[in-house]
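Enquirer: One structure is given below, represented as structure tokens, and several questions about it will come after.
The values are calculated or read from the model by the stated rules, or taken from the named source; none is laboratory data. Here the structure is a predicted model, which means the values were calculated and not measured. Cβ atoms come from the backbone with ideal geometry, glycine included; neighbour counts cover every protein chain shown. Heavy atoms of the whole protein, side chains included, go into the accessibility calculation; ligands, DNA and RNA do not. Shrake-Rupley method; radii C 1.70, N 1.55, O 1.52, S 1.80 Å.
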Amino acid sequence: MRLSKMLVPTVREVPSEAVAESHKLMLRAGYVRQLAAGLYIYLPLAWRVMTRINRILREEMDSIGAQEVSMPVLQPAEQWQQTGRWSDIKEEMFRLKDRGGRDMCLGMTHEEIMTWLASREIRSYKQMPQMWYQIQTKLRDEARPKSGILRTREFLMKDSYSFDSSVEGLQRSYKLHEDAYHRIFTRCGLKFYQVESDTGMMGGSVAHEFMAVSEAGEDEIVLCASCGYQSNVEIAGSVPSSAVIDPPAPEGGNGIGENEKTGEEVHTPDKRTIEEVSRFLKERPERFMKSILLIAGDGPVLAIVRGDQQLHEKKLQRVIGPFRTANKQEIKDILGVEAGFIGPMGHGDMSIIADPALRVGSYITGANKPHYHRRGVTAGVDFKAAWHDIHVAREGDLCPKCGSPVKIEKAIEIGNIFQLGTKYSQALHAFFLDEAGEEKPIIMGSYGIGPARIAAAAIEQNHDKDGIIWPGNIAPFDVEVIPISADEPEVEAAARRIYEELAAAGVEALIDDRDLRAGVKFKDADLIGIPRQVIVGGRNLKEGLVELKDRRTREIRKVSPQEAVAILKEGISSACESGGGA
RNA sequence: CGGGGCGUAGCGCAGUCUGGUAGCGCGCACGGUUCGGGACCGUGAAGUCGAAGGUUCAAAUCCUUUCGCCCCGACCA
């Protein structure tokens with residue numbers, strides 16, 4: 001491809017609005033342009049990257065026996081109503097009516113439609129397993145599109161669905177995807193982790209996410225270096241470091257220190273938050289209990305975490321179902337005390353959920369009396385609670401499996417896999433007859449990958465101050481040929497010859513044939529980030545040499561044009577085998 | 001949904017507080033000199049100041065409404 005003919009609008013400046021590094025670089029290097037919030041135009045370079053990512057996706061999906069299909073983006077409400085998601089999902093779904101007034105929606109994922117298809121076409125256990133996938137546009141009316149291409153309202157997704165006649169079959173399909181995903185992300189040159197995850201709106205039991213480590217990521221993952229435990233913080237168990245019971249519990253005691261007067265009430269005028277009371281009483285936040293009143297479906301619930309902990313709403317939601325926080329008036333009405341001085345004691349048979357960190361020891365908490373807190377409150381003595389891990393895991397907490405300190409990293413979710421079970425097949429009557437002639441629901445899995453997120457994550461993980469450094473397998477081109485001082489016809493001719501030989505050898509090359517100064521070409525080449533450059537300049541050429549430059553290391557080898565072509569040809573074919581990732 | 005910020009030339013921004021000739025850089029066009037890390041000189045084209053309404057002799061600037069975009073949070077009693 002000739003750069004002079006291509007739409008690659010590189011710019012020197014980028015709006016201060018762009019925050020994520022991948023976003024800035026994609027704008028600057030002429031990969032994307034924004035149409036509206038969460039809607040992006042992929043220019044030729046970006047689209048080539050997407051094409052290459054999708055090629056890898058297709059190869060790996062095909063290799064596990066999945067079959068590509070194409071599904072409507074515009075869908076009738078009916079199937080969504082049958083599974084209940086028509087009402088479960090709220091503003092996130094784009095809805096519309098057709099001219100006949102029928103409710104329709106734009107597909108945000110395709111469980112309903114895939115399952116509907118399966119319900120019509122699969123009747124016997126003999127027809128399974130089946131795996132169907134598509135690479136198509138999904139639409140979600142995101143509350144807050146952000147970070148360029150990372151969270152958009154319209155995006156490409158590779159989604160596949162497995163249909164099995166047994167749980168073992170599902171597990172095989174799941175494993176096949178798991179392994180394929182590892183190959184995909186490795187080939188894409190990403191550093192990633194597979195973590196345990198929440199099933200969210202998908203339903204089902206087992207789920208994993210594939211996470212590319214990046215500051216721009218919206219998720220946090222818990223990693224244990226010693227036993228390999230890896231989990232999204234949304235579900236990660238963790239044991240808060242216990243060095244907080246201070247002074248240490250006496251032998252056989254319950255953690256109450258000797259200078260701790262059980263039940264003592266202390267005047268804490270207008271000190272409501274943990275931070276305020278902690279400073280006022282000169283006690284560390286870990287010595288407090290934090291009580292949070294919530295309104296769940298079955299009535300009020302009091303959630304208790306340690307003063308230094310954060311309540312994790314998603315964890316709690318798994319215990320008590322959907323809930324909201326109580327407002328000030330409700331707190332007064334239900335607990336008879338104003339916010340800020342709530343304690344877990346004496347609330348009759350109200351449901352209390354407490355984090356296990358509070359099982360041992362005694363703590364300071366609200367006295368259920370305005371402007372007073374109480375010392376020495378002990379679980380089991382002063383109140384009874386159901387114990388559930390409801391706190392947010394933090395760096396330095398201990399691994400729930402092996403007890404070593406865990407690390408927390410921000411990450412971009414680039415893929416997910418769900419064991420759905422029969423949620424959708426039951427709802428949509430996707431049944432089959434088994435060996436015994438018995439009717440059973442198809443057992444399903446669903447598996448997603450966001451190609452744009454792969455691209456963005458690759459940039460997040462591979463760039464320097466000058467621009468992008470694409471992993472070889474997903475770069476828009478394999479090589480950029482850069483003729484310098486184009487006035488000299490020999491230079492131009494030599495560059496052209498190299499470019500043509502590369503093309504003939506199956507190496508995808510871009511040639512910067514623009515009539516521009518060397519500096520501009522070098523800057524643009526580094527920005528655009530094609531991993532290898534061949535620089536053809538007058539002086540070197542007189543000695544029969546060109547420069548072969550590695551974008552990442554900036555290492556330059558002077559070789560003859562023939563050698564350059566040979567090396568590049570070799571490099572590409574060997575790079576296809578391995579990606580070079582985590 | 002809540003909070004904050006920003007809409008001025010194709011792009012990036014200043015000007016708004018304190019009303020009075022719309023500016024800078026990049027880019028673009030033309031001419032010349034240059035030509036291995038975003039060259040230089042000269043000339044030039046290009047703006048309904050997001051939109052609507054209002055105040056005023058006079059509005060990019062003040063007031064009201066509205067649309068769009070970005071960021072933070074979705075609350076921790």
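Enquirer: In the range A:323-341, is there at least one residue being open to solvent by 80 Å² or more (accessible area, probe 1.4 Å), under 32 Å from the mean Cα position of the chain (by Cα) and under 21 Å from A:Val377 (Cβ atoms)?
Expert: no
Enquirer: Can you give me the number of residues within the range A:183-215 that are touching a helix residue (DSSP H, G or I) at 6+ places or on another chain (Cβ under 9 Å) and open to solvent by 20 Å² or more (accessible area, probe 1.4 Å)?
Expert: Residues meeting the conditions: 12.
Enquirer: Which one of the conditions (1) open to solvent by 50 Å² or more (accessible area, probe 1.4 Å); (2) of a type in the set (Gly, Ala, Ser); (3) within 13 Å of RNA strand B (Cβ to nearest atom) does A:Ala504 fail to meet, given that it meets all the rest?
Expert: In the conditions (1) open to solvent by 50 Å² or more (accessible area, probe 1.4 Å); (2) of a type in the set (Gly, Ala, Ser); (3) within 13 Å of RNA strand B (Cβ to nearest atom), A:Ala504 misses (3) alone.
Enquirer: Identify, please: which residue in the range A:94-144 is within 16 Å of RNA strand B (Cβ to nearest atom) and outside any strand (DSSP E or B) and is, among those, farthest from A:Gln75 (Cα to Cα)?
Expert: Pass one, the range A:94-144, residues within 16 Å of RNA strand B (Cβ to nearest atom): A:94-95, A:139-144.
The next check asks that each one be outside any strand (DSSP E or B); those that pass are A:94, A:140-144.
Numbers: A:Phe94: 11, A:Arg140: 14, A:Asp141: 16, A:Glu142: 19, A:Ala143: 22, A:Arg144: 24 Å.
Of everything passing the filter in the range A:94-144, A:Arg144 is farthest from A:Gln75 (Cα to Cα).
Enquirer: Of the conditions (1) in contact with a helix residue (DSSP H, G or I) (Cβ under 6 Å, 6 or more places away or on another chain); (2) more than 10 Å from RNA strand B (Cβ to nearest atom); (3) part of a loop (DSSP other than H, G, I, E, B), A:Ile364 clears all except one; give me its number.
Expert: A:Ile364 satisfies all of (1) in contact with a helix residue (DSSP H, G or I) (Cβ under 6 Å, 6 or more places away or on another chain); (2) more than 10 Å from RNA strand B (Cβ to nearest atom); (3) part of a loop (DSSP other than H, G, I, E, B) except (3).
Enquirer: Please count how many residues of the range A:516-540 are more than 6 Å from RNA strand B (Cβ to nearest atom) and at pLDDT 95 or above.
Expert: Summing the residues that are more than 6 Å from RNA strand B (Cβ to nearest atom) and at pLDDT 95 or above in the range A:516-540 gives 10.
Enquirer: Of the numbered conditions (1) touching a residue at least 24 places away in the same chain (Cβ under 8 Å); (2) closer than 18 Å to A:Asp478 by Cα, A:Thr51 satisfies every one except a single condition; which is it?
Expert: Result: A:Thr51 fails condition (1) only.
Enquirer: Scan the range A:266-292 residue by residue and report those that are within 15 Å of A:Val337 (Cβ to Cβ), within 8 Å of RNA strand B (Cβ to nearest atom) and surrounded by fewer than 21 Cβ atoms within 10 Å (Cβ to Cβ).
Expert: Scanning the range A:266-292 gives A:Arg272, A:Ile292.
Enquirer: Given the conditions (1) small (Gly, Ala, Ser); (2) surrounded by fewer than 15 Cβ atoms within 10 Å (Cβ to Cβ); (3) within 9 Å of RNA strand B (Cβ to nearest atom), report the number of the one that A:Ser573 does not fulfil.
Expert: The single condition A:Ser573 does not satisfy is (3).
Enquirer: Starting from residues that are at pLDDT 80 or above and in a loop (DSSP other than H, G, I, E, B), keep the ones in the range A:396-415 and report whichever is nearest to A:Ile331 (Cα to Cα). Quick ask: steps written out before the conclusion?
Expert: Of the range A:396-415, the ones at pLDDT 80 or above are A:397-415.
Then drop every residue that is not in a loop (DSSP other than H, G, I, E, B), which leaves A:397, A:399-404, A:406.
Working: A:Asp397: 32, A:Cys399: 35, A:Pro400: 34, A:Lys401: 37, A:Cys402: 40, A:Gly403: 38, A:Ser404: 39, A:Val406: 36 Å.
Checked the range A:396-415; the qualifying residue nearest to A:Ile331 (Cα to Cα) is A:Asp397.
Rundown of residues vs (1) of a type in the set (A, V, I, L, M); (2) assigned to a strand (DSSP E or B), yes/no style:
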site: A:Ser446; (1), (2): no, yes
site: A:Ile454; (1), (2): yes, no
site: A:Ala457; (1), (2): yes, no
site: A:Val491; (1), (2): yes, no
site: A:Lys521; (1), (2): no, no
site: A:Asp524; (1), (2): no, no
site: A:Ile535; (1), (2): yes, yes
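Enquirer: Can you tell me which residue is surrounded by the most Cβ atoms within 10 Å (Cβ to Cβ) among those in the range A:145-182 that are of a type in the set (S, T, N, Q) and either away from RNA strand B (no atom under 16 Å from the Cβ) or not assigned by TED's automatic domain parsing to the domain that holds A:Glu218 (or both)? Let's see the steps before the verdict.
Expert: We begin by selecting, within the range A:145-182, every residue of a type in the set (S, T, N, Q); these are A:147, A:152, A:160, A:162, A:165-166, A:171, A:173.
Right, trim to either away from RNA strand B (no atom under 16 Å from the Cβ) or not assigned by TED's automatic domain parsing to the domain that holds A:Glu218 (or both) and you get A:160, A:162, A:165-166, A:171, A:173.
On the way: A:Ser160: 28, A:Ser162: 30, A:Ser165: 22, A:Ser166: 14, A:Gln171: 15, A:Ser173: 28.
In this case the residue turns out to be A:Ser162.
Enquirer: Output the residue which, of all residues in the range A:1-42 that are among the hydroxyl-bearing types (Ser, Thr, Tyr) and within 7 Å of RNA strand B (Cβ to nearest atom), is least open to solvent (accessible area, probe 1.4 Å). Please lay out each step first, then the result.
Expert: Filtering the range A:1-42 down to residues among the hydroxyl-bearing types (Ser, Thr, Tyr) leaves A:4, A:10, A:16, A:22, A:31, A:40, A:42.
Right, trim to within 7 Å of RNA strand B (Cβ to nearest atom) and you get A:10, A:16.
On the way: A:Thr10: 39, A:Ser16: 116 Å².
Among residues in the range A:1-42 that are among the hydroxyl-bearing types (Ser, Thr, Tyr) and within 7 Å of RNA strand B (Cβ to nearest atom), the one least open to solvent (accessible area, probe 1.4 Å) is A:Thr10.
Results for (1) open to solvent by 10 Å² or more (accessible area, probe 1.4 Å); (2) farther than 17 Å from A:His312 by Cα, shown as yes or no for each residue.
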| residue | (1), (2) |
| --- | --- |
| A:Ala357 | yes, no |
| A:Tyr363 | no, yes |
| A:Asp382 | yes, yes |
| A:Glu395 | yes, no |
| A:Cys402 | yes, yes |
| A:Gly415 | no, yes |
| A:Gln419 | yes, yes |
| A:Ala427 | yes, yes |
